[in-house]
Amino acid sequence: MSGILSFLSSFPTLLHSAIIFGTVIMFGSLGEILTEKSGHLNLGVPGIMYLGGIAGLAGTFMYENVYCANAGITPNAVLCVIICLVCTFLAAALGGLIYAFLTISLRTNQNVTGLTLTIFGSGVGNFFGGSLNKLAGGVGQVNVKVTSETFRAYSSGLVTKLDALTGKVQLGTLLFSYGFLTYVAIVFAILLWYFLTKTRTGLCLRAVGENTATADAAGINVTKYKYLATCVGAGISGLGGTYYVMNYIRGTWENQGTIEALGWLAVALVIFATWKPIRSIWGAYLFGVLYWAYNYIPGLQRSSIELFKMLPYVVTLLILIIVSLRRKPEDQPPASLGLAYFREER
């Protein structure tokens, strides 16, 4: 009984950790949802998150610790964020472009191409991450303090006042103690839902993913939609890598494979959310709660901790089984997902 009470009392802290953790995979999931709506299954999400994370870190490192240090000036916080986001999006979109060229223009196998992109992205990320470590003077010495602090900044006054009013609930900490990208992820999810369900362009994209030949016959530029969805989706997924680097590990680099693990969780979240952007919001936070719950349950053995880390994948498998059995059309993946389109066979 005391263990249950202890868990309940620490739940606000657990939820706070889950939101930060969940935001990383939410970005990856939203980008992949957009890509899959065009009919392409990109299993290169982990690699794309690597590309986004290392590009954002490298861009701001060169600005903060090379240019500003040599010029003897203080880094501009706004410029740091702009450089980071631009570098992130461009590098991740370039990864998406490589995937798009291979699978759309050359019609290679999407599964194999995606897995290769994951290996390529992790290799590029760790190579340049190691180079940055060497340039900074050793492992763990990479630090973009101004950029990381700007990404993690929030109104401490507002948080303190709300926490004082709500007591143990800690409403201020739960709602407003995160960096701006946390809220950008939620806005992206809402905008993506609106785009896919309420706009003509979104309807055309869904048509391409459901029946590519019919969309092509209706005059929709299939190639353009597929390329744009894949590249923009990759750019959004890349923001997950930057969020991990700047918010989660505070502006440094580590090569323990965590980004890759989170990338696969993002792919699992797409299935859990049944390709619906709004569901990915609470789904991401649920994954975070399941993943970190072991930290707040006293007396767990090592084997039990590993089982808790498996829970997001187990829940995803259960959802996949339920969706398959119910066969509700609105919960199914795009009908042309993973299939190469040959116009000559139309």
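The values are calculated or read from the model by the stated rules, or taken from the named source; none is laboratory data. Model, not experiment: these values are computed from the prediction. Here Cβ is always computed from backbone atoms with ideal geometry, including for glycine, and neighbour counts include all displayed protein chains. Surface accessibility is based on the protein's heavy atoms, side chains included, excluding ligands, DNA and RNA. Shrake-Rupley method; radii C 1.70, N 1.55, O 1.52, S 1.80 Å.
Spin-label model, Ser324/Val86: points 7 Å from Cα along the beta carbon direction are separated by 4.7 nm. Under 14 Å from a label point set 7 Å out along the Cα-to-Cβ vector of Lys168, the amide N atoms of region 9-36 belong to 9-13. Accessible surface for region 84-138, divided over its residues, is 49 Å² per residue with a 1.4 Å probe. Summing -39500 (n - 2.57) over the DSSP H runs of n ≥ 4 in the chain and dividing by its residue number, what mean residue ellipticity at 222 nm do you reach, to the nearest 500 deg cm²/dmol? Helix-only estimate at 222 nm: -23000 deg cm²/dmol. Per atom type, region 1-138 shows carbon and sulfur on 74% of its accessible surface, probed at 1.4 Å.
With a Förster radius of 30 Å applied to the beta-carbon distance between Ala218 and Leu97, the computed FRET efficiency rounds to 0.70. Looking at region 244-323, the accessible area is 46 square angstrom per residue; that uses a 1.4 Å probe and ignores ligands, DNA and RNA. A crude spin-label estimate for the pair Leu191 and Arg107, with each label 7 Å from Cα along the Cβ direction, gives 3.6 nm.
Built from the Cα atoms of region 131-182, the convex hull projects on average onto 4.9 nm², one quarter of its surface area.
Beyond a 23 Å Cα-Cα separation, which of these cross-linked pairs lie in this structure: Lys198/Lys276; Lys198/Lys224; Lys161/Lys309; Lys226/Lys309; Lys198/Lys226?
Beyond 23 Å: Lys161/Lys309; Lys226/Lys309.
Ignoring lysines fewer than eight residues from Lys134 along the same chain, the ones with Cα atoms less than 28 angstrom from its Cα are Lys145. For region 227-346, with all protein chains in place and a probe radius of 1.4 Å, 63% of the accessible heavy-atom surface sits on carbon or sulfur.
Around the Cα centre of the chain, unit charges on the Cβ atoms of Lys, Arg, Asp and Glu (plus for the first two, minus for the last two) sum to a dipole of about 460 debye.
According to the Cα-based calculation, Rg over Rh for the chain is 1.00, with Rh computed by the Kirkwood formula.
Note on the chain: dipole from Cβ charges, positive end direction compared against Thr223, Thr242, Val144; the farthest Cα belongs to Thr223.
Applying a DSSP loop filter and a limit of 11 other Cβ atoms within 10 Å to the trypsin sites (Lys or Arg not before Pro) in region 259-333 leaves Arg327. Label-to-label distance for Gln332 and Glu306 is 3.9 nm, based on points extended 7 Å past Cα in the beta-carbon direction. Could you tell me how far the Cα centroid of region 255-332 sits from the Cα centroid of region 106-161, in Å? Between the Cα centre of region 106-161 and that of region 255-332, the gap is 22 Å.
Kirkwood hydrodynamic radius of region 213-346, from the reciprocal of the average inverse Cα-Cα distance over all distinct pairs: 17.8 Å. Its residue count N fixes a reference of 2.2 N^0.38 Å for region 36-180, and the Cα radius of gyration divided by that reference is 1.34.
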